[in-house]
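*Asks:* This is the structure I want to talk about, given as structure tokens.
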Amino acid sequence: MKRFKFRRRTWVLLAVLVAAAVAAVSGYAYFVTSGSGTGTATVATPGGITIWNDDPGGLWPDSAWHSMNVYLNVPGGGNQYVTSVSGNVATYGGCLGTFFEVYTIPVNSEETPGTHTLTGYVRMLTNESLDQTPLCEGAPMTINWSSN
């Protein structure tokens, strides 16, 4: 039986090449293996938008639209899409909310957290069969706002 006679340098080089080949195959197998798993995430719940307004000033029956600042506050945590902001005047004693009309404010945008100023309008309507002036004179006017 004949033995291979190599120099020591050749054996070292051969050992290095074999080690490199084993590492390459192992590395390839490491990166192409498959697996599976699960994870969890929590979806945020949007906070309620708060809406309020400045005083629109003196209203009279059959008056023109009175402008006012309407404030829309989006709580922190993320943007919220607002289609429109609408309001109704609350009844106070004999001063009926139906004596008033509140303009629906179109927004149609994604609002960022914070307070946004919109322009709103309100007017007092004329009632042919009833003079609302004595019923509403000095009455506090509360507008109940909503958004969608």
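Taken together, the values in this text are just the output of simple stated rules run on the coordinates, not laboratory data. Since the structure is predicted, the reported quantities are computational estimates derived from the model, not experimental observations. Please note: Cβ atoms are built from the backbone with ideal geometry, for glycine as well, and neighbour counts cover all protein chains shown.
*Asks:* Residues in the stretch 118-126: is at least one of a type in the set (S, T, N, Q) and under 35 Å from the mean Cα position of the chain (by Cα)? Reasoning before the result, please.
*Replies:* Initial filter on the stretch 118-126 (of a type in the set (S, T, N, Q)): 119, 126.
Of the ones still in play, those that are also under 35 Å from the mean Cα position of the chain (by Cα) are 119.
There is at least one residue in the stretch 118-126 that is of a type in the set (S, T, N, Q) and under 35 Å from the mean Cα position of the chain (by Cα).
*Asks:* Does residue 70 meet the test of being out of contact with any helix residue (DSSP H, G or I) (no Cβ under 6 Å at 6 or more places or on another chain) and either among the β-branched types (Val, Ile, Thr) or surrounded by 12 or more Cβ atoms within 10 Å (Cβ to Cβ) (or both)? Full working, then the answer.
*Replies:* Working: out of contact with any helix residue (DSSP H, G or I) (no Cβ under 6 Å at 6 or more places or on another chain): yes; either among the β-branched types (Val, Ile, Thr) or surrounded by 12 or more Cβ atoms within 10 Å (Cβ to Cβ) (or both): yes.
Against the criterion (out of contact with any helix residue (DSSP H, G or I) (no Cβ under 6 Å at 6 or more places or on another chain) and either among the β-branched types (Val, Ile, Thr) or surrounded by 12 or more Cβ atoms within 10 Å (Cβ to Cβ) (or both)), residue 70 qualifies.
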